[in-house]
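Below: the structure, in structure tokens.
The values are calculated or read from the model by the stated rules, or taken from the named source; none is laboratory data. A quick note: this is a predicted structure, and the numbers were derived from the prediction, not measured. Please note: Cβ atoms are built from the backbone with ideal geometry, for glycine as well, and neighbour counts cover all protein chains shown.
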Amino acid sequence: MSFRIEPFTDEYTLYLRDESRLTGAADFICFPTCEDDVQEALAFARTHGLCVTTQGGRTGLAAGCVPRGGLILNLSRIDRILSVETEGDTVLLRVQPGVLLVNLRKYVASLRREYGPLFFPPDPTETTASIGGMTACNASGARTYAYGAMRRHVEGLRMILADGRTVSLRRGQQKADGRRLHLRCDDGSVLDATLPSYRMPAVKNASGYYIEENMDAVDLFVGSDGTLGVVTEALLRLTDLPAEIWETGCLFRTERDALDFTDMLRRSCGRLASIEYFDAGALQVLKNRKARDRALRGITDVPDDATSLIFAEIHAPSKDEAFDELRKLTSCLKACGGDPDRTWFGWNPAGIVRFKDFRHAVPESVNLLIDERRKTDPAVTKLGTDMSVEDRDLRRVFAMYREGLAETGLQSATWGHIGNNHVHVNILPRNMDDYRRGKQLYAGWAQQVSAMGGAVSAEHGVGKLKAAFLETMYGPAAIEEMRALKRAFDPRFLLDPGNLFVV
Ligand SMILES: Cc1cc2nc3c(=O)[nH]c(=O)nc-3n(C[C@H](O)[C@H](O)[C@H](O)COP(=O)(O)OP(=O)(O)OC[C@H]3O[C@@H](n4cnc5c(N)ncnc54)[C@H](O)[C@@H]3O)c2cc1C
């Protein structure tokens, strides 16, 4: 079937939103199946002065792919795995942007016979995320604690810029000169840009453009929220799968014990891939949903007296080393008031699935709760934070969250990547009044986290929902520098308008 750019109709309503539940508007929509189609769509947009919103799996939580009018460029049908390449001992996969994480994983598993056991570490929980979207958000997830975010696993990119020029990048081949970038495009032309002068915070971060002196051009595009170009190909580095992957679920009676445990694990255990947290609010929302939803029957029950749960995943090269790590973990657990006899274990793929199902069921239950509330108040959405701080500020940031929630009486559910001092506090408004107060509370937290030297988005990207917080974090002068960088790539601000910058 030939490529078509269609006027937007109700048939496509689904494509006006992502998992943030924010809804946008569009005039046209298209589903390219190759790079030429993407070129045609961008040329159409330029000719008609339309802005373009790029979409992948639409699992984003920051409304990055929610359109603001113009053309929706949905890349879900450019979804082929192109080739397997090797470089020394490293195995690389060249893929198109619409490849979903779930399909990438299946393919990587199928390489076992030829290349040995491998995996792709970025794990944004939602496996219908696409590689293009994960690249644009610098997605991460639980295993980022040991393996880093998407950036660390992207070896090359092919991009189409707003004016139609293509750029083929391989890590190490195009670097900035200090804070000046002279980007060589495939047609031999050079795009000159000045990189902003701010310094990146020393925390897990997906807030605005990644900037460093003499940086690699690949790193500028990873995490750029779709504002600098369209990813049409990515070269991904695969990692050796550890021989032993064990999962533990540790229950605590108080949040303070769970925070102490996190600190002790970080000091004592060197083979942990992730340290994940679920608070009492999150456990309660899941429990309520489970009581009503037969689909969740298989999700593990949490005893009533447990108010905090920590999952810690061990990756080790042998059983002996995994046992050694488990011994260290158990002594941390005992020291922090935990009970090894009540701890959940999983040491094979079947056992580990129950942890994954649990982890996925928590945000899903929260989203369903909010969907119910939206029936009476359609403008209500969950207010999910995505902020990170340095290790030294873990307790301080928790005290800030608890104080704010207690003062306002707002309902919340908190979970996430506590090993990186990065939890998602989800304020769950019951009505529009709660929603307004929740937004104020969140804005205050963003100010305090910025003052601590933290990040306002650690993994979901800034999208449209956190554009104001980006200014809180870096200040107006830095935002102007980011705008100037955007202008060098996209003078008419056609790509992903509303992302990063308040318009
Ligand atoms: C239940 C649940 C749990 C989640 N947990 C995590 C988590 O733990 N960690 C985490 O990091 N994320 C998490 N997410 C968020 C989400 O999965 C990630 O943000 C993911 O990276 C988005 O990928 P996507 O393909 O859905 O992108 P989309 O939502 O379609 O788009 C996201 C952004 O990327 C841009 N984009 C998409 N494709 C391209 C392209 N080819 N070129 C340029 N720009 C593009 C879009 O314009 C938009 O700005 C979770 C989501 C859900 C629903």
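The set of residues in the range 108-133 being among the small types (Gly, Ala, Ser) and within 6 Å of the ligand (Cβ to nearest atom) consists of Ala129, Ser130, Gly132, Gly133. Meeting the requirement of 1 or more residues that are closer than 30 Å to Ala43 by Cα and more than 15 Å from the ligand (Cβ to nearest atom), the helices (runs of 4 or more DSSP H) wholly within the range 417-503 are 476-489.
Out of the residues in the range 390-417 that are among the hydroxyl-bearing types (Ser, Thr, Tyr) and crowded, with 18+ Cβ neighbours inside 10 Å, which is farthest from Phe278 (Cα to Cα)? Within the range 390-417, the match that is farthest from Phe278 (Cα to Cα) is Tyr401. Taking each residue of the range 43-59 that is over 18 Å from Phe489 (Cα atoms) and looking for partners that are outside any loop (DSSP other than H, G, I, E, B) and of a type in the set (S, T, N, Q) with beta-carbon atoms closer than 8 Å, six or more apart or interchain, yields Gln55/Asn74; Gly56/Ser130; Gly57/Ser130.
The residues of the range 308-331 that are under 18 Å from Ala142 (Cβ atoms) and not in a helix (DSSP H, G or I), listed by number, are Ser308, Leu309, Ile310, Phe311, Ala312, Glu313, Ile314, His315, Ala316.
Could you please let me know if Ala136 is within 10 Å of the ligand (Cβ to nearest atom) and buried (at least 16 other Cβ atoms within 10 Å of the Cβ)? Criteria met by Ala136. Looking for something under 19 Å from Lys486 (Cα atoms) and assigned to a loop (DSSP other than H, G, I, E, B) - is there at least one such residue anywhere in the range 143-162? Yes, there is a match, as at least one residue in the range 143-162 is under 19 Å from Lys486 (Cα atoms) and assigned to a loop (DSSP other than H, G, I, E, B).
State all residues of the range 373-390 that are out of contact with any Asp or Glu (no Cβ under 8 Å at 6 or more places or on another chain) and of a type outside the set (A, V, I, L, M); if no residue qualifies, say none. Once the filter is applied, which keeps residues that are out of contact with any Asp or Glu (no Cβ under 8 Å at 6 or more places or on another chain) and of a type outside the set (A, V, I, L, M), the range 373-390 yields Arg373, Arg374, Lys375, Thr376, Asp377, Pro378, Thr381, Lys382, Gly384, Thr385, Ser388, Glu390. Contact annotation: residue pairs with Cβ atoms under 7 Å, 6 or more positions apart or on different chains, pairing a residue in the range 352-367 that is assigned by TED's automatic domain parsing to the domain that holds Gly298 with a partner that is part of a helix (DSSP H, G or I), are Ala361/Leu286; Ala361/Leu296; Val362/Ala282; Val362/Leu286; Ser365/Val285; Ser365/Leu286; Ser365/Arg289; Val366/Val285. For the range 194-230, the candidate set comprises residues that are touching a Gly at 6+ places or on another chain (Cβ under 6 Å) and more than 10 Å from the ligand (Cβ to nearest atom); within that set, the residue that is nearest to Lys486 (Cα to Cα) is Tyr210. I'm checking my understanding of the structure. Among residues of the range 88-109 that are among the charged types (D, E, K, R) and outside any strand (DSSP E or B), which one is nearest to Gly60 (Cα to Cα)? That would be Arg105. Looking only at residues that are over 30 Å from Pro476 (Cβ atoms) and of a type outside the set (A, V, I, L, M, F, W, C) in the range 175-193, which one is farthest from the ligand (Cβ to nearest atom)? Filtering first and then ranking leaves Gly188. Kindly indicate the residue of the range 60-71 that is small (Gly, Ala, Ser) and either more than 6 Å from the ligand (Cβ to nearest atom) or without any contact (Cβ under 8 Å) to a residue 60 or more places away in the chain (or both) and also farthest from Asp18 (Cα to Cα) among those meeting that condition. Within the range 60-71, the match that is farthest from Asp18 (Cα to Cα) is Gly70. Every residue in the range 351-395 that is within 22 Å of Leu470 (Cβ to Cβ) and part of a helix (DSSP H, G or I), please. The one that is within 22 Å of Leu470 (Cβ to Cβ) and part of a helix (DSSP H, G or I): Asp393. Filtering the range 95-107 to residues that are more than 13 Å from the ligand (Cβ to nearest atom) and under 21 Å from the mean Cα position of the chain (by Cα) leaves Arg105, Lys106. If you go through the range 72-85 one residue at a time, how many are in contact (Cβ under 8 Å) with a residue 24 or more places away in the chain and either away from the ligand (no atom under 12 Å from the Cβ) or under 27 Å from Leu118 (Cβ atoms) (or both)? Summing the residues that are in contact (Cβ under 8 Å) with a residue 24 or more places away in the chain and either away from the ligand (no atom under 12 Å from the Cβ) or under 27 Å from Leu118 (Cβ atoms) (or both) in the range 72-85 gives 9.
Only one of the listed residues (Ala406, Ala488) is among the aliphatic types (A, V, I, L, M) and assigned by TED's automatic domain parsing to the domain that holds Ala361. That residue is Ala406.
For Gln55, the criteria (1) over 25 Å from Gly141 (Cβ atoms); (2) crowded, with 17+ Cβ neighbours inside 10 Å hold in every case but one, which is (1). Tallying residues that are farther than 13 Å from Thr135 by Cβ, in contact with an Asp or Glu (Cβ under 8 Å, 6 or more places away or on another chain) and either in the same structural domain as Gln55 (by TED's automatic domain parsing) or β-branched (Val, Ile, Thr) (or both) within the range 91-105 yields 1.
Within the range 315-337, residues that are within 17 Å of Asp260 (Cα to Cα) and outside the structural domain of Ala146 (by TED's automatic domain parsing) sit with their Cβ atoms under 8 Å from residues that are modelled with pLDDT under 95 and in a helix (DSSP H, G or I), at 6+ positions apart or across chains, in these pairs: Thr330/Pro340; Leu333/Pro340; Lys334/Pro340. Residue count for the range 230-250 under the criterion of being over 19 Å from the mean Cα position of the chain (by Cα), under 30 Å from Lys175 (Cα atoms) and in a loop (DSSP other than H, G, I, E, B): the result is 0.
Which of the residues spanning the range 215-229 are closer than 15 Å to Leu181 by Cα and outside any strand (DSSP E or B)?
Met215, Ala217, Val218, Asp219, Leu220, Phe221, Leu228, listed by residue number.
One residue alone among Glu459, Glu480, Glu471 is surrounded by 15 or more Cβ atoms within 10 Å (Cβ to Cβ) and free of Cβ contacts under 8 Å to residues at least 40 places away in the same chain, and that residue is Glu471.
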